[in-house]
Amino acid sequence: MAKIKLTKTIVDAAKPGAQDIELRDTLVPGFLCKVTPTGRKVFMVQYRTNAGERRKPSIGQFGELTVEQARSLAQDLLAEVRHGKDPSSLKAAARQAPTVKELCTRFIEDYSKAHNKPSTVEGNLKYISLHIAPALGGMKVPEVISEVRVLMRHALVNAAVPIVTVIGIGIALLIGGVVVTETVFAIPGLGQLTVDAVLSRDYPLIQAITLFFSFIYVLINLLVDLSYLLLDPRIRY
């Protein structure tokens with residue numbers, strides 16, 4: 001077990017022996033390079049948890065990582081240890097975590113079939129197979145449950161439906177108020193034209209403007225309803 005400042009030259013020159021050889025770094029205590037009898041050179045970091053358990057997780061192989069990169073990663077891991085974390089256990093837990101597809105299967109078997117009607121179970125299976133599994137099925141659950149991903153993929157989408165509804169109603173109200181706005185501020189436009197048509201009793205023009213405003217109002221409502229399909233795939237017409 002040699003202690004030396006690890007450099008590319010030192011690691012390159014290290015020769016395998018009959019047993020594992022550990023070259024320990026003098027700059028970062030706990031950082032080391034293990035040379036196996038087969039010649040593999042693996043960077044590792046050794047530490048003790050708050051419970052006193054000894055850990056020695058690997059960081060990566062020499063060649064895939066430079067000495068400087070591996071030393072920086074070791075410093076990051078040791079910083080987590082000083083904050084009371086156990087990076088090795090967290091890594092093992094993440095590796096054993098179920099995928100989203102496996103979690104959906106457990107949800108159907110353990111909960112949905114026991115608590116939902118057959119039609120609801122069928123709907124859940126359809127939604128999972130069409131939307132969840134293709135997009136997230138292969139991902140580990142901890143990878144999905146991050147704050148930004150949850151906000152962007154779920155919270156924002158669900159919140160957008162009422163927001164779009166309010167925007168559509170607001171645009172319709174703006175169209176309705178154009179008559180008052182253009183009359184008060186003497187702005188030429190459809191609103192002013194409507195007032196002039198009413199005062200002059202130009203009925204064909206009044207009918208045409210009313211039909212036009214009605215068409216715009218219906219079109220806005222149609223676009224709002226169609227946008228629901230993009231925002232929430234569960235909505236069907």
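The values are calculated or read from the model by the stated rules, or taken from the named source; none is laboratory data. Note that this is a predicted model, so its numbers are computed, not measured. Here the Cβ is made from the backbone with ideal geometry for all residues, glycine too, and neighbour counts use every protein chain on show. All accessible areas refer to the heavy atoms of the entire protein, side chains included, with ligands and DNA or RNA removed. Shrake-Rupley method; radii C 1.70, N 1.55, O 1.52, S 1.80 Å.
Note on Y111: accessible area is roughly 110 Å² with a 1.4 Å probe, heavy atoms of protein only. Residue ranking by accessible heavy-atom surface, 1.4 Å probe, largest first, among H131, H115 comes out as H115, H131.
So for the range 1-55, considering every pair of alpha-carbon atoms, how many percent are separated by more than 17 Å? Please list the in-between numbers first.
Values: 549 of 1485 pairs.
Everything past 17 Å amounts to 37 percent.
Remark: the range 49-63, residue by residue, has Karplus-estimated 3J(HN,Hα) of 6, 4, 7, x, 7, 8, 10, 8, x, 7, 9, x, 8, 5, x Hz, where x stands for each Gly or Pro and the curve is 6.51 cos²θ - 1.76 cosθ + 1.60 at θ = phi - 60°. For the chain, report the translational diffusion coefficient in µm²/s to the nearest whole number, using Stokes-Einstein at 10 °C, 1.306 mPa s, and a Kirkwood Rh over Cα pairs. Stokes-Einstein gives a translational diffusion coefficient of 64 µm²/s.
Mean projection of the alpha-carbon convex hull of the range 108-233 over all orientations, in nm²? Intermediate values should be presented prior to the final figure.
On the way: hull surface 50.5 nm².
With every direction weighted equally, the projected area is 12.6 nm².
Can you quote the Å³ per residue value for the convex hull of the Cα atoms in the range 170-237, rounded to an integer?
85 Å³
Helices from the chain with mean Kyte-Doolittle at least 1.6 and a Cα length along the axis of 15 Å or more, per DSSP H: which?
Details: long enough: 67-82 (22 Å, -0.13); 156-176 (29 Å, 2.34); 203-231 (42 Å, 1.81).
Passing helices, by number: 156-176, 203-231.
From zero outward in steps of 10 Å, how is the percent of C-alpha pairs of the range 23-135 spread across the bins? Distribution as computed: 13, 29, 18, 15, 17, 7, 0 percent. Taking each residue as 0.36 nm, the span from L211 to R236 lengthens on full extension beyond its C-alpha to C-alpha distance by 6.1 nm.
Give me Rg/Rg_expected for the range 26-88, where Rg uses Cα atoms only and Rg_expected = 2.2 N^0.38 Å with N residues. If you can, show how the numbers build up before the last one.
Values: Rg = 11.8 Å, N = 63, 2.2 N^0.38 = 10.6 Å.
My calculation over the Cα atoms of the range 26-88 gives 1.11.
The modelled label-to-label distance between Q61 and F185, using points 7 Å beyond Cα along the C-beta direction, is 7.0 nm. For the set I220, I163, the ranking by accessible area, highest first and with no ligand, DNA or RNA atoms included, is I163, I220 under a 1.4 Å probe.
With charges set only on the Cβ (+1 for Lys and Arg, -1 for Asp and Glu), what does the dipole of the chain come to about its Cα centre, in debye to the nearest 20?
Values: 28 positive and 21 negative charges, 325 e Å.
Roughly 1560 debye, rounded to the nearest 20.
Altogether, the Stokes-Einstein calculation at 37 °C and 0.692 mPa s, with the Kirkwood radius of the range 98-147 over Cα pairs as Rh, returns a diffusion coefficient of 293 µm²/s. For S119, the accessible surface of its heavy atoms amounts to roughly 80 Å² (probe 1.4 Å, protein chains only, rounded to the nearest 10).
For the range 58-100, the C-alpha radius of gyration sits at 1.36 times the compact-globule guess of 2.2 N^0.38 Å, with N the residue count.
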